[in-house]
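Asker: Got a structure for you, questions after.
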């Protein structure tokens with residue numbers, strides 16, 4: 001049996017059921033095709049000092065001496081590796097911290113694999129360069145990549161990862177452009193596009209009699225996901241088009257107090273269902289009850305939630321954020337609307353209202369597009385081919 005080691009900072013956990021779900025889907029797809037997958041999850045723990053105190057490392061070592069499983073716990077088929085990281089160290093500081101954490105773990109618990117797949121060029125791929133003797137495959141899909149590449153040490157490390165990786169993938173062309181602009185035109189020939197998996201096997205498409213009354217958003221309630229713009233657009237829609245419209249927010253995050261305050265000020269708190277985090281396997285009822293999916297994140301690398309909504313037969317209104325154009329821009333006419341990221345709340349409201357009049361949406365064709373390009377079988381088999389070729 002062939003063996004691959006996946007190293008990632010993102011993976012679903014008790015506290016964050018969405019984080020890294022796309023990595024887990026790839027892992028399960030590869031396992032389903034007969035490969036053994038060893039998953040190491042680097043779990044960041046900020047240290048308030050400029051360097052991680054020796055006392056912290058010593059305490060971790062003593063804990064592992066007593067019980068490896070107490071320090072390196074297993075959950076959802078993965079092993080979690082604590083990585084203390086100094087605050088203020090930037091992206092390159094995380095490279096050094098991740099390399100140290102991996103070295104400590106592997107000294108005690110080595111990996112037995114044929115190829116290693118790192119998720120994120122920096123910090124993960126760069127951390128592995130000095131530790132890894134196996135062929136290295138890298139996938140980049142972080143929405144904060146521009147800020148990583150803006151740091152000179154991280155940018156230099158990133159170029160080294162692109163140069164030395166056996167294969168280097170991005171989930172959308174938008175990310176490839178960022179990397180080439182940062183490290184040089186030579187990198188263009190080293191970068192390939194491989195999308196994330198969008199599994200529609202447990203998502204049914206339902207016909208909608210109308211569009212616009214029941215809004216849905218699935219994801220983190222954080223500012224970088226555009227949830228403030230979403231709430232403001234929803235309130236505009238209620239004022240301009242339908243005072244009975246509702247919004248369901250599936251997810252958790254630091255913006256929840258702002259959302260509750262804003263809705264209270266607008267006397268619209270009863271119109272919004274703040275569901276909290278829900279495992280992906282339990283999203284079906286929310287997709288079924290909604291009749292439009294609205295996603296106003298200003299930056300996305302791919303956008304799995306929007307594609308799952310399309311698979312469920314929902315029209316999607318999204319900002320142009322890199323990921324939306326790359327993932328479903330070619331079927332915008334069938335699937336919804338992609339708006340300029342500067343669109344104001346009224347323009348978003350108008351776009352949602354416009355979906356129900358005079359636009360020839362084709363949810364059947366839109367779902368077929370998602371199944372053809374992003375299925376478990378299609379992406380899983382491509383990963384197997386990449387791993388096999390990397391060993392030659």
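The values are calculated or read from the model by the stated rules, or taken from the named source; none is laboratory data. Everything quoted here is computed from the prediction, not taken from an experiment. All Cβ positions, even for glycine, are placed from backbone atoms using ideal geometry, and neighbour counts span all protein chains on display.
Asker: Checking the condition surrounded by 21 or more Cβ atoms within 10 Å (Cβ to Cβ) and at pLDDT below 95, which residue from 91, 70, 101 passes?
Answerer: Exactly one of 91, 70, 101 is surrounded by 21 or more Cβ atoms within 10 Å (Cβ to Cβ) and at pLDDT below 95, namely 91.
Asker: Right, next: List the number of the failed condition for residue 75; all other conditions in (1) under 20 Å from residue 120 (Cα atoms); (2) touching a residue at least 60 places away in the same chain (Cβ under 8 Å); (3) surrounded by fewer than 14 Cβ atoms within 10 Å (Cβ to Cβ) hold.
Answerer: Here residue 75 meets the rest and fails (1).
Residue-wise test of (1) touching a residue at least 24 places away in the same chain (Cβ under 8 Å); (2) farther than 19 Å from residue 198 by Cβ; (3) under 21 Å from the mean Cα position of the chain (by Cα).
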| position | (1), (2), (3) |
| --- | --- |
| 280 | yes, no, yes |
| 328 | yes, no, yes |
| 340 | no, yes, no |
| 351 | yes, yes, no |
| 368 | no, no, no |
| 371 | yes, no, yes |
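Asker: A further question on this structure: Working only within the stretch 1-20, note down all residues that are in contact with a helix residue (DSSP H, G or I) (Cβ under 8 Å, 6 or more places away or on another chain) and part of a loop (DSSP other than H, G, I, E, B).
Answerer: If the condition is that a residue be in contact with a helix residue (DSSP H, G or I) (Cβ under 8 Å, 6 or more places away or on another chain) and part of a loop (DSSP other than H, G, I, E, B), then 2, 9, 10, 11, 12, 17, 18 are the ones that fit.
Asker: Next question, about the same structure. It is to be established whether one or more residues within the stretch 162-169 are at pLDDT below 95 and surrounded by fewer than 21 Cβ atoms within 10 Å (Cβ to Cβ).
Answerer: No: the stretch 162-169 contains no residue that is at pLDDT below 95 and surrounded by fewer than 21 Cβ atoms within 10 Å (Cβ to Cβ).
Asker: Additional query: Restricting attention to the stretch 186-214, and to residues there that are in contact with a strand residue (DSSP E or B) (Cβ under 8 Å, 6 or more places away or on another chain) and exposed (fewer than 14 other Cβ atoms within 10 Å of the Cβ), which single residue is nearest to residue 287 (Cα to Cα)?
Answerer: Here the residue is 193.
Asker: Say we look at the stretch 232-272 and pick out the residues that are crowded, with 17+ Cβ neighbours inside 10 Å, part of a helix (DSSP H, G or I) and without any contact (Cβ under 8 Å) to a residue 40 or more places away in the chain; which of these is farthest from the chain's Cα centre (by Cα)?
Answerer: So, considering only residues that are crowded, with 17+ Cβ neighbours inside 10 Å, part of a helix (DSSP H, G or I) and without any contact (Cβ under 8 Å) to a residue 40 or more places away in the chain, the one farthest from the chain's Cα centre (by Cα) is 238.
Asker: Okay, next question. Condition first: within 16 Å of residue 119 (Cβ to Cβ) and modelled with pLDDT under 95. Now tell me which residues in the stretch 73-82 satisfy that.
Answerer: If the condition is that a residue be within 16 Å of residue 119 (Cβ to Cβ) and modelled with pLDDT under 95, then 76, 77 are the ones that fit.
Asker: Looking at the stretch 276-332 only, could you name the residues that are within 19 Å of residue 213 (Cα to Cα) and surrounded by fewer than 18 Cβ atoms within 10 Å (Cβ to Cβ)?
Answerer: 284, 285, 288, 289
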